[in-house]
Structures are given as structure tokens and as C-alpha cells.
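Below: the structure, in C-alpha cells.
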Amino acid sequence: MRLESPILDAGREATPEAIEEVVRRLPESDDPFVIVSVDSLTYIQAVWAESGFLVEHQEGDLSRHYLSERDDLSVFELIDLLKAYARKDQDWARGVAFEHMVLPEPTPRQGFLARIFSRLFGRSH
């Protein structure tokens, strides 16, 4: 699993220690988000807002994209959630409810632009 955040100079392995280090720093960051990913279509990501963390995850394609019902997860809740996801625990989402999101399929132009950006910024498609 890969860990990415603007806090890091570069992505790194999503170890428990790295996850904890990044998440603890997010509330004070100018770009307070983190991504733990298997690949560009299978990931969990979180962003800090005034009330806490909001989380999204996707399971392989746009039709399987989910948003947490809560937008107030604590630092500790997010650390536990991301560590469980990175360990591939079967019940990694235990205690956090998610709702299915219907995302529009990208247009050919959007798909092309996404491929360009992924090449420029190192994300594989």
C-alpha cells in the first residue's frame, strides 16, 4: 500500500508509523488530506475540515465509490481506520458507515487529461 499526502515530499509505504505521523500533522496543514492506495482506482482518502475528517473510498472503479456518513472523525479514529485498511483487515471500516456515491463517468477528454496528469505527477492508471 502507498501513502500520499502534501505533508510528504514523496509517497511512501503505508506503514502504521507513517500513517500515524501524517494523520497527526493534518489538522495543522495547509493541504490537510491523505490517501492510502492499492492503485489509482482502489484507495481510501481523507480530508480535514473544522469538524474533523471526512473519508471516501473506492473499490476498483467509479461505480464503487463511497463517502463516510460522518464528517467529524477524530485523528485517532482516522489513524485506526487507515491502519486497518493498510493491513487489509476484512472489517477495516468497522464503526464507520459509508454511503454509495454515484460518480459520473469521465468524458473522453477528462480521461485523457487524467492520464496526462497521472504521468506528470506519478500516479499510475
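Every number here is computed from the coordinates shown, using simple stated rules; none is lab data. Just so it is clear, the model here is predicted, and its values are computed rather than measured. Here the Cβ positions follow ideal geometry from the backbone for every residue, glycine too, while neighbour counts run over all protein chains shown.
Which of the three applies to the stretch 1-68, rounded, prolate or oblate, going by the alpha-carbon gyration tensor with a ≥ b ≥ c and a/c under 1.5 meaning rounded? Oblate. Label-to-label distance, VAL102 versus GLU13, with points set 7 angstrom from Cα along the beta-carbon direction: 4.2 nm. Taking amide H positions as modeled 1.01 Å from N, with prolines and chain starts lacking one, the residues under 5 Å from ALA14 and 5 or more places away or on another chain are ARG2, LEU3.
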